[in-house]
1. What do you get for trypsin sites (Lys or Arg not before Pro) in segment 77-146 restricted to DSSP loop and a cutoff of at most 12 other Cβ within 10 Å of the site's Cβ?
2. Could you give me the ³J(HN,Hα) list for segment 256-267, computed from phi with Karplus coefficients 6.51, -1.76, 1.60 and θ = phi - 60°, whole Hz, x at Gly and Pro?
3. Which cross-chain or sequence-distant (5 or more) residues have an amide H under 5 Å from the amide H of Asp265, H modelled 1.01 Å from N in plane?
4. How large is the accessible surface per residue of segment 76-182, computed with a 1.4 Å probe and reported in Å² as a whole number?
5. For the charge dipole of segment 226-340, defined by +1 on Lys and Arg C-beta atoms and -1 on Asp and Glu C-beta atoms about the Cα centroid, which residue among Met230, Ile286, Thr339 has the Cα displaced farthest towards the positive pole?
6. Taking 0.36 nm per residue of separation and subtracting the Cα-Cα distance, what length does fully extending Glu260 through Asp70 add?
7. Considering only Tyr105, Phe78, Leu123, whose Cα is most displaced toward the positive end of the charge dipole of segment 78-128, charges sitting on Cβ of Lys, Arg (+1) and Asp, Glu (-1)?
8. Please compare each pair in Lys242/Lys309; Lys77/Lys242; Lys176/Lys241; Lys163/Lys255 to a cut-off of 23 Å on the Cα-Cα distance and tell me which ones are over it.
Amino acid sequence: MRRTLLSLTVVATAALFLASCASDNTNNTTAVTNVTPPAATPTAPATQTLEVVERPQKIKDMMQARGEQDQAKPVLKFIEPREGATLPGSTVNLKLALSGDLKGYKPGKDPATNMGNHIHVILDNQPYEAYYNLDQPFELRNVSEGKHTLRVFPSRPWHESFKSEGAFQMVSFTVKGGGDASKPTTTNTGQVMADNKSGANKAETPKAGANTNTPANSNTAAPAREGKDMAAGTASDVDAKKPLLTYSRPKGEYKGPDAEAIMIDFWLTNAKLQGDGGDYRVRYSIDGGEAKYIDKWEPIWLKGWTAGKHTVKLELVDKSGGVVANGDYNSTSRDITITP
Ligand SMILES: [Cu+2]
């Protein structure tokens, strides 16, 4: 044990020297106590001090270049799945219609930058998936049997949502013969693994590219569909008429300049915040730290993140500070990773 500790310390010290060379990190004592093997994600030091900053200049510049597009009032409608639908098989096709006062707003990925306007798609209370090409359905694969919700809303290239009326939509539906976490319906490369009872997936199989995120091979005509293998799970018991907080950002990994100021963004349904003349507040905390509040329905940007993994918790609370009950969607935690 002692020997292992000793060698760990040696490795850690070496790693620390390397880290010191690369950056101006002076928190050596903190780093030593938190040290983990080099291959693992480093634990964030306790010294992180976050402050709310204004919208980063690069986003202001993008908005400037986009003209009036950010004043659009996009409206989404579900074509599929329909509210209350019972769907055979574990692949759920999402089809949406976009209308409203778009002012040039159009989802689509720019192949040069891999960025663009897109729709945030949230199954149950999982992290959102980005949906770019509305001409093709988005495939949610390996969806568990049982009840589900889908929430959608339009987003900008930097993942800030449009918050106008009709932009957010939610449906509930039920999957029969759905995916099983122990027997994935599709592999990462899209090969069908499980024998689907309903046969719904079999009809899909011949469509080349139907099960991949990347373009289909060139000898097929069908364009690639966007889609994603979903994690196992079902819906919480959510009432669409009750106050609902939908967590959107942050999510995933942030690198380099993208990690300087990180946006917290969310959708609010049936609830007005105190700063907007209502009764509610959005409470957030990072890494289980001090509770802070957002009292206007706008994104905020936080600066001062340390490298490593962080947990962001977002909650909708009432006047007395209690989380508003609506299934369990009004209190959501997500892990994000900061890479310097
Ligand atoms: Cu996004």
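The values are calculated or read from the model by the stated rules, or taken from the named source; none is laboratory data. Note that the coordinates shown come from a computational prediction; the quantities given were computed from them, not determined experimentally. A quick note on method: Cβ atoms are made from the backbone with ideal geometry, for glycine too, and the neighbour counts reach across all protein chains shown. To get the accessible areas, we keep the full protein, side chains included, count just its heavy atoms, and leave off ligands, DNA and RNA. Shrake-Rupley method; radii C 1.70, N 1.55, O 1.52, S 1.80 Å.
1. Details: sites: Lys77, Arg82, Lys95, Lys103, Lys109, Arg141; in loops: Arg82, Lys103, Lys109.
Here the trypsin sites (Lys or Arg not before Pro) that fit, given the DSSP loop and packing criteria, are Arg82.
2. Whole-Hz 3J(HN,Hα) from phi for segment 256-267: x, x, 5, 8, 5, 10, 10, 8, 9, 9, 7, 10.
3. So Asp265 has HN proximity to Ser248, Arg249.
4. Values: 4110 Å² over 107 residues.
Heavy-atom SASA per residue in segment 76-182 reads 38 Å².
5. Ile286
6. Working: separation 190, 0.36 × 190 = 68.40 nm, distance 2.30 nm.
Difference between extended and current length: 66.1 nm.
7. Tyr105
8. With Cα atoms farther than 23 Å apart: Lys242/Lys309; Lys176/Lys241; Lys163/Lys255.
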